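Since the structure comes first, as C-alpha cells, the remarks are kept for the end.
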Amino acid sequence: MADQKKKNLTPVQQEYHSLAKKHEIQRPVLKNCIKAFLVGGFICFIGQFVQTFYVHFFEFNERTAGNPTVATMIFIAVLLTGFGVYDRIAQFAGAGTAVPVTGFANSVASAAIEHRTEGYVLGVGGNMFKLAGSVIVFGTFAAFVIAIIKTLIVGWGGL
Amino acid sequence: MKMKKTFFFSILILVSVITACNIGGQAEEVKPLFIGANKVFDQTIADESKQLVLSMEEVVEVKGVNKEENIYIAAKVKQFDRFFLDRIRNEAHDKIKKRFPEANVHVSTDKKVFLELEKLERKIYQNKINKENVEKQIKKIEDFMTG
C-alpha cells in the first residue's frame, strides 16, 4: 500500500488493512518459479527433440531446422489449446508455458476461439491478436532498439 | 517451519538439476576413423586433419573427408564450450590451414554436417561408394555447411 494512500484512510481502515494483510495467503513465488522452470524446460526439451528429429530424418541442418521446429511446436500448442489441455498446463506452470513460443500460439488460438461467436471477420479477425498484438509490437520495438544500439557500437565503437 | 522445508527442498532440486548436466554428460574423446590412402580419394589429408582438430581441448569427436585439396571437417564440441563455437571453428580452421596451406578447409560444428560426414566416411572406408557419388555427397554437405 502506497504511503500517500495510507494517509487518507481512517485509523480503523488502517487497522483493518493490517489485519487483512496478516490473513492474506502469501503468493508461493519460489514454488511458482520452480514449476515454471521445470515445465518451461520440458517444453524446450520437446522442441529440442523435434529439432533433432528434423536434422536426422530430413534435409535440414541445425540452423534451418529451427523454422519447421517452431512451426511444429506452434501446431501442437494450438491443438492443445483447442482441446482445452493447454489451459490446464498453463494454470499449473504459469510463465513456464507463456514464455516459449507455445504461449504465443496459445494466446492467438484462445482469443480466436473465444470470439468466434462474433463472426469471422470482426470477431475472430479483430480479436485474434488482442493479446498477441502487444507481443508483436514490443518484440519489434525491442528488436529495433537493440539493432540501433548494435549499429552504434559496431559502426562507431569499432568492435 | 513448512516454508523452510519447501525452500530447502526447492534449493536441493535446483542444484541437482543444474549440476546434473555437468556430472552425467562429461563426454569422452572418440577415436576418429582413419581411412588411409587406397580408397576412391586419398584420405590421408583428412586423417591428419582429424587428428589435428581432435587434439583441441574442446572437441570430443570429429568426422571428415577430403576430395583432393578440399577438406571437410565436422567437430562435436563439449557441452559448455558450445558457447564459443565461432572461436573453436576459426581455431580448427587455422590449425588445418597451417598444416596444409594449399588446401581449401571447411570446418563445421553443425549436427547435420557431422551426421552426413559420418555416413560418407563409413561408405568410403567400406568401399561402398564410387567417385561420382562421393562428389555428389560432398556437394550436398557443402550446401549444409553454408546453410
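The values are calculated or read from the model by the stated rules, or taken from the named source; none is laboratory data. The model shown is predicted, which means the values in this text are computed figures rather than measured ones. So basically every Cβ, Gly included, is an ideal-geometry build from the backbone, and we count neighbours across all protein chains shown.
Every residue in segment A:36-63 that is part of a helix (DSSP H, G or I) and either touching a strand residue (DSSP E or B) at 6+ places or on another chain (Cβ under 8 Å) or under 17 Å from B:M145 (Cβ atoms) (or both), please.
If the condition is that a residue be part of a helix (DSSP H, G or I) and either touching a strand residue (DSSP E or B) at 6+ places or on another chain (Cβ under 8 Å) or under 17 Å from B:M145 (Cβ atoms) (or both), then A:V55 is the only one that fits.
Assess whether A:I74 counts as being touching a Ser or Thr at 6+ places or on another chain (Cβ under 6 Å) and in a helix (DSSP H, G or I).
On the way: touching a Ser or Thr at 6+ places or on another chain (Cβ under 6 Å): no; in a helix (DSSP H, G or I): yes.
Taking the combined requirement at face value, the residue does not satisfy it.
Pairs, please: C-beta under 6 Å, at least 6 apart or cross-chain, first residue touching a residue at least 40 places away in the same chain (Cβ under 8 Å) and in segment B:98-121, second among the basic types (K, R) and not in a loop (DSSP other than H, G, I, E, B)?
These pairs meet every condition: B:V105/B:K97; B:V107/B:R89; B:F114/B:K63; B:L117/B:K63; B:E118/B:K63; B:E121/B:K63.
Just give me the residues in segment B:77-104 being over 26 Å from A:T52 (Cα atoms) and surrounded by 21 or more Cβ atoms within 10 Å (Cβ to Cβ), in sequence order.
Within segment B:77-104, just B:I96 meets the criteria.
Read through the list (1) modelled with pLDDT of 90 or more; (2) more than 30 Å from B:V113 (Cα to Cα); (3) surrounded by fewer than 17 Cβ atoms within 10 Å (Cβ to Cβ), then give the number of the only condition that A:A98 fails.
A:A98 satisfies every listed condition except (1).
Run down A:V50, A:V85 and say which single residue is within 23 Å of A:N106 (Cβ to Cβ) and within 14 Å of chain B (Cβ to nearest Cβ).
None of the other options fit; the residue is A:V50.
What's the total number of residues in segment A:114-153 that are outside any helix (DSSP H, G or I) and closer than 16 Å to A:F104 by Cα?
Matching residues across segment A:114-153 total 4.
Go through segment B:31-147 and tell me which helices (runs of 4 or more DSSP H), entirely inside it, have 1 or more residues that are over 12 Å from the mean Cα position of the chain (by Cα) and within 13 Å of another protein chain (Cβ to nearest Cβ).
It comes to B:111-125, B:131-146.
Mind counting the residues in segment A:8-35 that are assigned to a loop (DSSP other than H, G, I, E, B), more than 32 Å from the chain's Cα centre (by Cα) and either exposed (fewer than 10 other Cβ atoms within 10 Å of the Cβ) or within 14 Å of chain B (Cβ to nearest Cβ) (or both)? Can you show your working first?
Within segment A:8-35, the first condition is being assigned to a loop (DSSP other than H, G, I, E, B), and the residues that meet it are A:8-10, A:24-28.
Applying the additional criterion that residues be more than 32 Å from the chain's Cα centre (by Cα) yields A:8-10.
Right, trim to either exposed (fewer than 10 other Cβ atoms within 10 Å of the Cβ) or within 14 Å of chain B (Cβ to nearest Cβ) (or both) and you get A:8, A:10.
So the count comes out to 2.
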